[in-house]
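The values are calculated or read from the model by the stated rules, or taken from the named source; none is laboratory data. All of these numbers come straight from a predicted model, not from anything done at the bench. With ideal geometry, Cβ positions are generated from the backbone for all residues, glycine too; neighbour counts draw on all protein chains shown.
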Amino acid sequence: MVEDNNRGNDSTKVYANKAAMDIEVPDTTHQISSDSWLQVAFVLTTGVNSAYVLGYSGSIMVPLGWVGGVVGLLFATVVSLYSNSLIAKLHEHGGVRHIRYRDLAGYIYGKRAYSLTWALQYINLFMINTGYIILAGSALKAFYVLFRNDDQMKLPYFIAIAGIACGIFAISIPHLSALGIWLGVSTILTTIYSVIAIVLSIKDGLRSPARDYSMPGESSSKVFSIIGSAASLVFAFNTGMVPEIQATIKQPVVKNMMKALYFQFSVGLVPFFLVVFTGYWAYGSSTGTYLLNNVTGPVWVKGIANISAFFQAVIALHIFASPMYEYLDTKFGIKGSSLIIKNLIFRIGVRGGYLTFNTFIAALLPFLGDFMSLTGAISTFPLTFILANHMYLMAKGDKLASTQKLLHWFHIVFFSIVSLAATVAAIRLIVVDSRTYHVFADV
């Protein structure tokens, strides 16, 4: 039997199919089933169109070129929508809502899968959160350099400022649904830096001579760069926390989540593709890992774009940190307004401590992109593609046609191979770059 997990705050037991061990699944102290599908769609879109998009012209298009980049992005769009929809459709599998990714995995496979999924998801989200702090710090430094280009302020200092800003925001916003108006603010900020990046890129592209679009590097390094960029494709479209986001949506949860996903992978991708493609078109293989460093134009315009990217990164980080916040708040029974003294002290200590560690790692390893490629290979690929397809097979196997089963198995095998290849490429990249970069580098 599966007990109703919407009663009070008592723990419930969800029994995994064909497993000998039961798994304790506590009710959440966070707000669930309160958001419209459109608000959830903007949560998803905020994650995709975050300030990370300013780096994809360099990290995806440059290694892959026009053909590989366009085909890769379109392929990643289709398979990401498909895989995320599989997870969304399993949200009420077995007659109970699975509001966490690990809950769903534990219900289908058992306790070991529950723990492994939580570990993979934690690593994935931790690295994304750390990357956001680096991104916010880089945007803040770019803003500073526009007005005062000296050696007084190094990147680690800006990363520390970004970490403080993220901590203040995390303490003030109790849970994912409480973002509310901040999603609107995020959309405005995204529009600002996207429009500025697009317009200035087009202006530069029209004035520039013919660009070089060849893929840089020797033949052997090209192969590893191409494989490594596959991890960036995964990061571009996937949150790794579909059940956690779906938990906030109103009934009917599956139907509404599908609406949100369709919005994310249609309207939500328009600014994404415009920024990525115009940036690469304008600068070719010389496109940097932060597009706003390539564009030329009025200082005040570039300043607005950079400061918008900074604040948007602070908001977006909160989305990807929310599973950890939910875990800690539920474990210690923290709920309600962030202004309650007990809650305020707890969030300052716990969330502040978590983000302090994120910030330290971000400052220590500001070339974290290499490690994020490794994270994408060992955690994002398994969570988003391999596990999603296999869980759907396990849950719906008897109801699927043979062609559908074959398609899921093809995805499992194909992405397992890609994950392995991307792991090797990412490790090689870390080894190569470790000879160039140093800890607390001002990159």
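Look at the range 34-45: where a residue is touching a residue at least 12 places away in the same chain (Cβ under 8 Å) and a partner is buried (at least 19 other Cβ atoms within 10 Å of the Cβ) and of a type in the set (Ser, Thr, Tyr), sitting 6+ places away or on another chain with Cβ atoms under 6 Å, you get Ser34/Ser177; Asp35/Ser177; Asp35/Thr248.
Does any residue of the range 139-152 turn out to be modelled with pLDDT under 95, of a type in the set (Phe, Trp, Tyr) and loosely packed, with under 15 Cβ neighbours inside 10 Å? There is at least one residue in the range 139-152 that is modelled with pLDDT under 95, of a type in the set (Phe, Trp, Tyr) and loosely packed, with under 15 Cβ neighbours inside 10 Å. Ala162 passes every criterion in (1) touching a Gly at 6+ places or on another chain (Cβ under 8 Å); (2) surrounded by fewer than 23 Cβ atoms within 10 Å (Cβ to Cβ); (3) within 22 Å of Gln312 (Cα to Cα) apart from (2).
Being more than 30 Å from Ala388 (Cα to Cα), more than 18 Å from the chain's Cα centre (by Cα) and surrounded by fewer than 20 Cβ atoms within 10 Å (Cβ to Cβ), is that true of even one residue in the range 268-283? Explain how you work it out, then say what you get.
In the first step, residues of the range 268-283 are kept if they are more than 30 Å from Ala388 (Cα to Cα); the result is 278-283.
When the remaining residues are screened for being more than 18 Å from the chain's Cα centre (by Cα), the result is 278-283.
Cutting the leftovers down to surrounded by fewer than 20 Cβ atoms within 10 Å (Cβ to Cβ) gives us 281.
Yes, there is a match, as at least one residue in the range 268-283 is more than 30 Å from Ala388 (Cα to Cα), more than 18 Å from the chain's Cα centre (by Cα) and surrounded by fewer than 20 Cβ atoms within 10 Å (Cβ to Cβ).
Can you tell me how many residues within the range 218-253 are part of a helix (DSSP H, G or I) and farther than 17 Å from Leu86 by Cβ?
Start the filter on the range 218-253 by keeping residues that are part of a helix (DSSP H, G or I), which leaves 219-237, 242-246, 253.
Subset that is farther than 17 Å from Leu86 by Cβ: 219-233, 235-236.
Matching residues across the range 218-253 total 17.
Of all residues in the range 422-443, those satisfying the criterion of being among the hydrophobic types (A, V, I, L, M, F, W, C), surrounded by 12 or more Cβ atoms within 10 Å (Cβ to Cβ) and not in a helix (DSSP H, G or I) are Phe440, Ala441, Val443.
Determine, yes or no, whether Ser416 is of a type in the set (S, T, N, Q) and under 24 Å from the mean Cα position of the chain (by Cα). When the stated conditions are applied, Ser416 passes them.
If the requirement is being without any contact (Cβ under 8 Å) to a residue 12 or more places away in the chain and either of a type in the set (D, E, K, R) or touching a Cys at 6+ places or on another chain (Cβ under 9 Å) (or both), which of these qualifies: Glu218, Glu244? Answer to the check: Glu218. All told, Val270 meets the bar of being without any contact (Cβ under 8 Å) to a residue 12 or more places away in the chain, part of a helix (DSSP H, G or I) and either over 24 Å from Gly217 (Cα atoms) or in contact with a Phe, Trp or Tyr (Cβ under 8 Å, 6 or more places away or on another chain) (or both).
Against the list (1) within 19 Å of Gly352 (Cβ to Cβ); (2) surrounded by fewer than 20 Cβ atoms within 10 Å (Cβ to Cβ), the condition His175 fails is (2). Screening Ile188, Ile198, Ile164 for residues that are within 22 Å of Gly58 (Cβ to Cβ) and among the aliphatic types (A, V, I, L, M) leaves exactly one candidate, Ile198.
Just to be sure, is Ala136 within 30 Å of Tyr290 (Cβ to Cβ), assigned to a helix (DSSP H, G or I) and touching a Cys at 6+ places or on another chain (Cβ under 9 Å)? Considered against the rule, which asks whether it is within 30 Å of Tyr290 (Cβ to Cβ), assigned to a helix (DSSP H, G or I) and touching a Cys at 6+ places or on another chain (Cβ under 9 Å), Ala136 comes out as yes. A single entry from Leu146, Leu189 fulfils the requirement of being closer than 30 Å to Ser337 by Cα and out of contact with any Cys (no Cβ under 8 Å at 6 or more places or on another chain): Leu189.
In the condition set (1) modelled with pLDDT under 90; (2) part of a helix (DSSP H, G or I), Asn256 is compliant with all but (1).
If a residue must be within 19 Å of the chain's Cα centre (by Cα) and either buried (at least 19 other Cβ atoms within 10 Å of the Cβ) or of a type in the set (S, T, N, Q) (or both), how many such residues does the range 62-77 contain? Number satisfying all stated conditions: 4.
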